[in-house]
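The values are calculated or read from the model by the stated rules, or taken from the named source; none is laboratory data. Note that this is a predicted model, so its numbers are computed, not measured. In this analysis, Cβ positions are derived from the backbone assuming ideal geometry, glycine residues included, and neighbour counts consider all displayed protein chains. Ligands, DNA and RNA are excluded from the accessible area calculation, which covers all protein heavy atoms including side chains. Shrake-Rupley method; radii C 1.70, N 1.55, O 1.52, S 1.80 Å.
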Amino acid sequence: QVQLVESGGGLVQPGGSLRLSCAASGSIFSIYAIGWYRQAPGKQRELVAGMASDGRTHYADSVKDRFTIFRDNAKSKMYLQINSLNPEDTAVYYCYTGPVLDYRDFDVHSGFWGQGIQVTVSS
């Protein structure tokens with residue numbers, strides 16, 4: 001079993017930046033793909049950033065060039081750097097990892113989820 005604990009969310013002004021962190025209880029994601037999802041009120045949960053085990057990354061069109069996913073396997077941590085925030089980025093953000101090597105194989109009905117952390121972008 002893997003437990004994921006997130007930190008780093010909060011209230012940010014438009015144009016600001018945040019770094020979300022996710023600490024894992026084990027080193028499973030040093031082997032497997034990792035990802036960050038978000039869910040805004042009234043919307044479905046969406047994958048905003050994914051990283052395959054070989055380092056390939058994927059970003060949703062709405063966050064390209066603003067979000068960066070990266071990992072530190074030695075610390076069993078994954079991160080999401082968020083820049084140029086806008087109100088449309090307001091959502092609960094979740095880190096995720098599952099027993100797959102590629103983010104294209106993510107199954108939201110399995111794997112391991114963080115508890116979710118609120119990011120609010122408002123002036």
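With viscosity set to 1.306 mPa s at 10 °C, what whole-number translational diffusion coefficient in µm²/s follows for the chain from Stokes-Einstein and a Kirkwood radius over Cα pairs?
112 µm²/s
What number, in percent, do you get for the relative contact order of the chain if the mean sequence gap of Cα pairs under 8 Å and at least 6 apart is divided by its residue count?
Working: 306 pairs, mean separation 44.4, N = 123.
About 36 percent, as a whole number.
Averaged per residue, what accessible area in Å² does the chain show with a 1.4 Å probe, protein chains only?
Details: 6250 Å² over 123 residues.
Per residue, the chain has an accessible area of 51 Å².
Let me spell out the model: positive unit charges on the Cβ of Lys and Arg, negative unit charges on the Cβ of Asp and Glu, origin at the Cα centre of the chain. What dipole size does that give, in debye rounded to 20?
Working: 11 positive and 11 negative charges, 41 e Å.
That gives a dipole near 200 debye.
For the pair residue 40 and residue 73, how long in nm is the line joining their label points, each one 7 Å along Cα→Cβ?
In this crude label model, residue 40 to residue 73 measures out at 3.5 nm.
Quick one: net charge around residue 85, please, counting Lys, Arg +1 and Asp, Glu -1 for every other residue with C-beta under 15 Å from its C-beta. Display every interim value, and only then the final one.
Details: positive: 19, 38, 64, 66; negative: 65, 88, 89.
After counting each charged neighbour, the total is +1.
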